[in-house]
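See structure below.
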Amino acid sequence: MTAAVEAASAVVPAVGALAPDFELANQYGEPVRLASFRGQNVALVFYPFAFSGICTGELCEIRDNLATFEDSNAVVLAVSVDSKFSLRAYAAQEGYGFDLLADFWPHGAVANAYGVFDAGSGMAKRATFIIDAGGKIRYSVVNPRGQARDFGAYRAALADLKRA
């Protein structure tokens, strides 16, 4: 099976399913494994590219509202297909206080595991998965190309976690 066919056949995991585990390097080259956050909620935020307009706006909104995530015992992990070197420059420029993860090689493998890799353009789609402390997906959204996510939906999904 070719990579393009594999990417096309990937399915977005359903709400209630266990989140696929992975390990990626952050902007400093440090390994970050999803399973290491068991006992804590995770906002897994896929975005197309560092330094792009909509992505920067969305990540800056997360940066400016990080307390919303912290109040829900949630860590933010932002994932793109960029290299760790690009992500380090991006995080420094924008002042991001959360991990930016490089799904660089194999190119888009984690995005593909979540069914959000666009093989035609070589980038992750704009998608978010809120994962609970037990590793189950509690919320997901995949936005159309060029459309920013609604931050209010994050607030609602995180509030649901607090009530659970």
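Read-outs throughout are calculated quantities, based only on the coordinates presented, and are distinct from any laboratory measurement. Nothing here was measured: the structure is a model prediction, and the numbers come from that model. When we count neighbours, we look across all protein chains shown, and the Cβ atoms used for this are built from the backbone with ideal geometry, even at glycine.
The residues of the range 65-93 that are more than 24 Å from P144 (Cβ to Cβ) and not small (G, A, S), listed by number, are L66, T68, F69, E70, D71, N73, V75, K84, F85, L87, R88, Q93. If the requirement is being within 23 Å of D160 (Cβ to Cβ) and not in a helix (DSSP H, G or I), which of these qualifies: V15, V11? Only one candidate qualifies: V15. Taken together, the criteria exclude R138 from residues that are of a type in the set (K, R) and under 26 Å from E30 (Cβ atoms).
For the range 122-133, the condition of being assigned to a loop (DSSP other than H, G, I, E, B), more than 12 Å from the chain's Cα centre (by Cα), closer than 21 Å to E58 by Cα and of a type in the set (G, A, S) holds for at least one residue. Based on what the data block shows, is G108 touching a helix residue (DSSP H, G or I) at 6+ places or on another chain (Cβ under 8 Å) and on the phi > 0 side of the Ramachandran plot? Criteria met by G108.
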